[in-house]
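The block underneath contains the structure these notes are about, expressed in structure tokens.
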Amino acid sequence: MSTEAPEPAPAPEAAPALEAAPAPESAAPPGELRPTGRPNARLRQTVRDMLLSLAVVLAAIAVIMVLTWRPTPDPVRVIDPVPALSLARAQADYPVLYPEDLDSAWRPTSARWEITPASEPDPAWHVGFVTPEDAYAQLGQSATDDPSYVAGQVGPAEPAGEWEGWLRYDSAEQRALVRVEGGVTVVVSGTAPWPTLQLLAERLSPTASPG
């Protein structure tokens, strides 16, 4: 009896290989922004609104500045010399002088009748002006015989001859005309040019009043 060898069993089929699934994107660390590739319309709108608001505010400020702007006022503070002049004429035992017929370009800025260290015990009359050329000129008058009164009036100016009965004092900073008559010293001085000081001296009058 023949015996046949059994046929070998067929080998099992290999299972099909599974494809690897794509790895998920790793999450971004906290605080890290990743571009999405899409424009942020909301951000653009916010920036535009801020610029529009700023423009409105600046326009409002410009309008307020235009409406409230005023020209720079004249820095010269004009005073009324009448009270001091009236007091001086009421108390002095000599004619107190004041320039007559000065136009409005002569602006009085100081006036006083008082005892000064150089005129003591006598009062001294003073009136100062800003002149038409924006210089300064003043009149001083006192019955004192103290030399320091004249020295204080003429400042750094030195004697420089005479002019129509007045002694002239001159320097780069100041000029002066001095006259002593009847025990009363009269000084016209300032930074104004000579023609202006001479005009002031010529206009002095015991009866003139401001205005």
Q | Single unsatisfied condition, Arg77 versus (1) assigned to a loop (DSSP other than H, G, I, E, B); (2) crowded, with 20+ Cβ neighbours inside 10 Å; (3) not small (Gly, Ala, Ser) | A | (2)
Q: Considering only the range 118-133, state which residues are loosely packed, with under 15 Cβ neighbours inside 10 Å, farther than 19 Å from Gly190 by Cα and in contact (Cβ under 8 Å) with a residue 12 or more places away in the chain.
A: Glu120
Q.
Checking the structure you have, find out if any residue of the range 111-130 is part of a strand (DSSP E or B), of a type in the set (S, T, N, Q) and more than 29 Å from the chain's Cα centre (by Cα).
A. no
Q | Only one of Leu97, Leu51, Leu67 that is out of contact with any strand residue (DSSP E or B) (no Cβ under 9 Å at 6 or more places or on another chain), at pLDDT 80 or above and among the aliphatic types (A, V, I, L, M) | A | Leu51
Q) In the range 183-196, which residue that is more than 30 Å from the chain's Cα centre (by Cα) and not polar (S, T, N, Q) is surrounded by the most Cβ atoms within 10 Å (Cβ to Cβ)? A) Val188
(Q) Tally up the residues in the range 163-182 that are assigned to a loop (DSSP other than H, G, I, E, B) and either crowded, with 16+ Cβ neighbours inside 10 Å or touching a Phe, Trp or Tyr at 6+ places or on another chain (Cβ under 8 Å) (or both), please. (A) 2
Q) Do we have Thr109 as surrounded by fewer than 16 Cβ atoms within 10 Å (Cβ to Cβ) and among the hydroxyl-bearing types (Ser, Thr, Tyr) here? A) yes
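The values are calculated or read from the model by the stated rules, or taken from the named source; none is laboratory data. Note that the structure is predicted; figures quoted are calculated from it, not measured. Counting neighbours? That spans all protein chains shown, and the Cβs are built from the backbone with ideal geometry, glycine included.
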